[in-house]
Amino acid sequence: MILLLNLEKLFTPLLNQAYISLFFTALLILFFILKKYQYSLRSLLPFKYVEKSITEDLLKQLYHITSSQKTTDFRMLSGALKIPERKILKVVESMTQNGLIHISEGHVTLTKTGKNYALSIIRIHRLWEKYLSEKTGFDKSLWHDLAEAKEHQLSKEETEALYEELGRPRFDPHGDPIPTALGEMISETGTSIVGIPKGTVTKIIHIEDEPKSIYRQIIKEKLHIGAHVKILNADNHHIIFESEGHSIQLSTVVASNIQVVLLNSQETYEEGNVRLSSLIEGEHATILGISSECRGANRRRLLDLGFIKGTFLNLEYMGPNQNPRAYRLRNTLIALRNDQADFILIKKTQYDRTGSL
Amino acid sequence: MKNKDIQDLLDLASELRWEIGENFHDTLVEGIYTDAAQIAQKTEIKIGEPNPYSFERKLDQVLTSKKYGFPVMILILSIILWLTIQGANYPSSLLASFFLEFLYPMLKTGASQIGLPWWLDGFLIDGVYLALGWVISVMLPPMAIFFPMFTLLEDFGYLPRVAFNLDSLFKKSGAHGKQALTMSMGWGCNAAGVVATRIIDSPRERLIAIITNNFSLCNGRWPTQILIATIFIGALVPDNFSSILASLAVIGIALLGIGFTFLSSWMLSKTLLKGEVSTFALELPPFRPPNLWTTLYTSLIDRTLIVLWRAIVFAAPAGAIIWLISNIYVDDLSLANITIDWMDGFGLFFGLNGVILLAYVVAIPANEIVIPTILMLTVAHLNLMGAGNGVMFELESTTETAALLHAGGWTLLTGINLMLFSLLHNPCSTTIYTIYQETKSWKWTVFASIMPVILGFLVIFLVTQMWQLFQ
């Protein structure tokens, strides 16, 4: 009896703590599962709540397939959307009744109404990505997923208000055209960077944000729309090119998601243009511009501080951890973090009073 | 016909907008900026070249160097804190003796002479007046020393260099380097620290700085920390070392606060504040001799007096409530004693007690009155003969205070937990009001008030559990 009591005394606090920690671990695990599968889990919801978004996703998918001149059937659609075939069939049935799609010989095509509906969804998606890029601080790898959820929620009036607020944009941050309210849109003009002969100078106009793993690899190299790219070497597996003073090697699969155009007559490729972050102590440089990747409030702030084309500057000193660094321009010392300095393109120069602004 | 022309024109415009691409707004704006800069350059006359070897540049290089940057910074901040804590003692006791020993008895006599009923006299003089007296005498001197010194450093141009040095640390937790300044301002007063976040122009980083400012141990909490550390921690070792150990414990709590600032900044920027806009730019103004009189004036008027006034406005009703709960009886027990008994179980579970919890509830308006309230409530709860119900007081010597607290059932664990809870609890009502003024958002105000309390209970719960496990 005494032994039993002692054991109890010894183990009760331990047991309590084990329960508490178990409870917290279980909560944490549940939280992470919910977070990870938040998009796939929606198929568990009752059908009537998800019908609208499945319809809209289907229309978008059909639109992309039709514009690349391909045909499709149910199996391909259900595979692409990761939704069971049974549900797709149910949705397709009501879509046919509403005159959104047309089925002949097992192939699915969009009707005129269906196409306009699809374009309006694409419009919301791209406008929302534009909004996220200009007005919020979400990382660009998150834009697509957030827009994917938002495109089913915005009403027509809200969309138009957003369009006005953003200054009536025509392109989303990935370089894709945003359809107008009337459903007008230009077809994409760029060509894939793969297959461009070496030595050619081109400009990036589009970076595809799907699939995500490939998009992550591209943004890790700090490639962005508007960057000038010079092809150095290309074979069947890899492509090597130079951009903003960095030499980058990508596999053909990854690179095929980057679309480029040749420079127009007003643009010139500046040999030796580099990022401000590569400037070292005592060096002088002239600013060539701010990359289009730097948007919204960040961009305006840099412009306000005087980081304008033609401005002369030098690196005054680096902090204890070499980040941020202090630059002197127009007789003012301004500290920038290195990831900001990456956005500013410069050309290194000799110190020259007459060239300074 | 005319309508058709207009339509054609609109169509053409729309088509051209596809062709000119997305960057044309920027190109236009940058063109205007560039033209403006060139025009300005033509008319500008420059006299003399900036000398690259000037004293100012040398100083800048030393203050931001890898070798001297951090040591100089720590040295200057420690000197300011030391001067504040030491220097405030004398004027504080002077003010206290004026308000509490000279004016208080006079008021009491005056009140009895004009025949004020006991309850009105107690409510106004023992409640409201005493709370005001405590707040002013404990709060005014440190603020009047800390803020002018801080403003002098700011005027001289040193503070932006501190932000510059520390930015890489703050960047890791998703915050702005200037948060270093609002954090150190918070050591003076959290309300002033929250106002100071106006220097951060990035919305996300500003919210982080506002929410985490409470983790800077403010002037109102330093005395509590020092007293409790002396009584409970310093007593662990022989007398020769006790003051050293006690100071180390207080410094440890302040450092823990910095740790929580970084930790909660990091968690906030990863979760709730993920989508807020974030920008960074830090201007490093040239060094210049500070203007002493302007500095004194602005720091005394803008910072000290405004904060003091807000504290007074909030402390007066607190004093009234403290007096009322001690003097309203239900079934032979005062409201205070009923509440203490009711809270005791909950308090002991977290390693505190009912008295401390009640003191923290009624002393929300000002951290300065926590210790006097705790002493008053302990005396009332133990039914000892004290200064009287609802009259806040402080004892002459630390030994007497220690004896009283031990009689109240305090242990080393209670002391440690009180120190932790004093660091990690809701901001005072002055700060809460300031947070609302600055953010204009109830959501963030409530969050900034509740989050530290939850964190505090979590931490002292873990400490108590650990303690019981190893006992």
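Regarding the stretch A:313-322, can at least one residue be identified that is open to solvent by 30 Å² or more (accessible area, probe 1.4 Å), closer than 19 Å to residue B:201 by Cα, within 10 Å of chain B (Cβ to nearest Cβ) and under 31 Å from the mean Cα position of the chain (by Cα)? No, the stretch A:313-322 has no match at all.
Comparison of B:177, B:193 shows that the only residue that is buried (at least 24 other Cβ atoms within 10 Å of the Cβ), within 14 Å of another protein chain (Cβ to nearest Cβ) and closer than 22 Å to residue B:146 by Cα is B:177. Within the stretch A:291-315, residues that are touching a residue at least 60 places away in the same chain (Cβ under 8 Å) sit with their Cβ atoms under 6 Å from residues that are open to solvent by less than 20 Å² (accessible area, probe 1.4 Å) and part of a helix (DSSP H, G or I), at 6+ positions apart or across chains, in these pairs: A:295/A:133. Being open to solvent by 50 Å² or more (accessible area, probe 1.4 Å), farther than 30 Å from residue B:275 by Cβ and touching a residue at least 24 places away in the same chain (Cβ under 8 Å) is the requirement here; does residue A:98 meet it? So residue A:98 fails the test. The residues of the stretch B:317-343 that are open to solvent by less than 80 Å² (accessible area, probe 1.4 Å) and in a loop (DSSP other than H, G, I, E, B) amount to a single one, B:328.
Of all the numbered requirements in (1) within 14 Å of chain B (Cβ to nearest Cβ); (2) in a loop (DSSP other than H, G, I, E, B), residue A:206 misses one, and that requirement is (2).
Can you name every residue in the stretch A:155-179 that is over 17 Å from residue B:17 (Cα atoms), open to solvent by 30 Å² or more (accessible area, probe 1.4 Å) and part of a loop (DSSP other than H, G, I, E, B)? Steps first, answer last, please.
So in the stretch A:155-179, the residues over 17 Å from residue B:17 (Cα atoms) come out as A:155-162, A:165, A:174.
Now restrict to residues that are open to solvent by 30 Å² or more (accessible area, probe 1.4 Å): A:155-158, A:160-161, A:165.
A:155, the sole residue that qualifies.
Just so you know, in the stretch A:210-221 the residues that are farther than 13 Å from residue A:145 by Cα, among the charged types (D, E, K, R) and within 12 Å of the chain's Cα centre (by Cα) include one that is least open to solvent (accessible area, probe 1.4 Å), and it is A:216. Taken together, the residues in the stretch B:201-245 that are in contact (Cβ under 8 Å) with a residue 40 or more places away in the chain and not in a helix (DSSP H, G or I) amount to 8. Check whether at least one residue in the stretch B:263-285 is more than 14 Å from chain A (Cβ to nearest Cβ), open to solvent by less than 60 Å² (accessible area, probe 1.4 Å) and either closer than 30 Å to residue B:456 by Cβ or part of a helix (DSSP H, G or I) (or both), and report yes or no. Among the residues of the stretch B:263-285, at least one is more than 14 Å from chain A (Cβ to nearest Cβ), open to solvent by less than 60 Å² (accessible area, probe 1.4 Å) and either closer than 30 Å to residue B:456 by Cβ or part of a helix (DSSP H, G or I) (or both), which makes the answer yes. With respect to residue B:30, determine if the residue is part of a loop (DSSP other than H, G, I, E, B) and at pLDDT below 80. Spelling it out, it is not the case that residue B:30 is part of a loop (DSSP other than H, G, I, E, B) and at pLDDT below 80.
A residue that is open to solvent by 10 Å² or more (accessible area, probe 1.4 Å), of a type outside the set (Gly, Ala, Ser), within 22 Å of residue A:323 (Cα to Cα) and part of a helix (DSSP H, G or I) occurs somewhere in the stretch B:250-260.
Which helices (runs of 4 or more DSSP H) does the stretch B:386-447 wholly contain that include 3 or more residues that are under 26 Å from residue B:127 (Cβ atoms) and β-branched (Val, Ile, Thr)? Spell out how you get there, then give the answer.
Details: elements: B:398-407, B:412-423, B:429-439.
So the answer is B:429-439.
Residue A:195 meets all of the listed conditions (1) at positive phi; (2) surrounded by 13 or more Cβ atoms within 10 Å (Cβ to Cβ) but one, namely (2). State all residues of the stretch B:36-60 that are open to solvent by 60 Å² or more (accessible area, probe 1.4 Å), modelled with pLDDT under 85 and in a helix (DSSP H, G or I); if no residue qualifies, say none. Of everything in the stretch B:36-60, those that are open to solvent by 60 Å² or more (accessible area, probe 1.4 Å), modelled with pLDDT under 85 and in a helix (DSSP H, G or I) turn out to be B:38, B:41, B:42, B:43, B:55, B:56, B:58.
If the requirement is being farther than 29 Å from residue B:271 by Cα and touching a residue at least 40 places away in the same chain (Cβ under 8 Å), which of these qualifies: A:127, A:119? Outline the logic, then answer.
Details: A:127 fails: farther than 29 Å from residue B:271 by Cα.
Of the residues listed, the single one that is farther than 29 Å from residue B:271 by Cα and touching a residue at least 40 places away in the same chain (Cβ under 8 Å) is A:119.
For the stretch A:222-235, filtered to residues that are of a type outside the set (Lys, Arg) and farther than 27 Å from residue A:142 by Cβ, the residue that is surrounded by the fewest Cβ atoms within 10 Å (Cβ to Cβ) is A:235.
Restricting the stretch B:9-32 to residues that are open to solvent by 70 Å² or more (accessible area, probe 1.4 Å) and facing chain A (nearest Cβ under 10 Å), which is farthest from residue A:190 (Cα to Cα)?
Initially, the stretch B:9-32 is screened for residues open to solvent by 70 Å² or more (accessible area, probe 1.4 Å), giving B:9-12, B:15-16, B:19-20, B:24-25, B:27-28, B:32.
Add one more test, that the residue is facing chain A (nearest Cβ under 10 Å), and what stays is B:11, B:15, B:19-20, B:24-25, B:27, B:32.
Details: B:11: 24, B:15: 18, B:19: 13, B:20: 15, B:24: 18, B:25: 21, B:27: 21, B:32: 30 Å.
For the stretch B:9-32, the residue satisfying everything is B:32.
Residue count for the stretch B:290-316 satisfying the condition of being part of a helix (DSSP H, G or I) and in contact with a helix residue (DSSP H, G or I) (Cβ under 7 Å, 6 or more places away or on another chain): 15.
The values are calculated or read from the model by the stated rules, or taken from the named source; none is laboratory data. Note that the coordinates shown come from a computational prediction; the quantities given were computed from them, not determined experimentally. Using ideal geometry, Cβ is built from the backbone for each residue, glycine included, and neighbour counts are taken over all protein chains shown. For the accessible areas, the whole protein counts, side chains as well, though only heavy atoms, and no ligand, DNA or RNA atoms are used. Shrake-Rupley method; radii C 1.70, N 1.55, O 1.52, S 1.80 Å.
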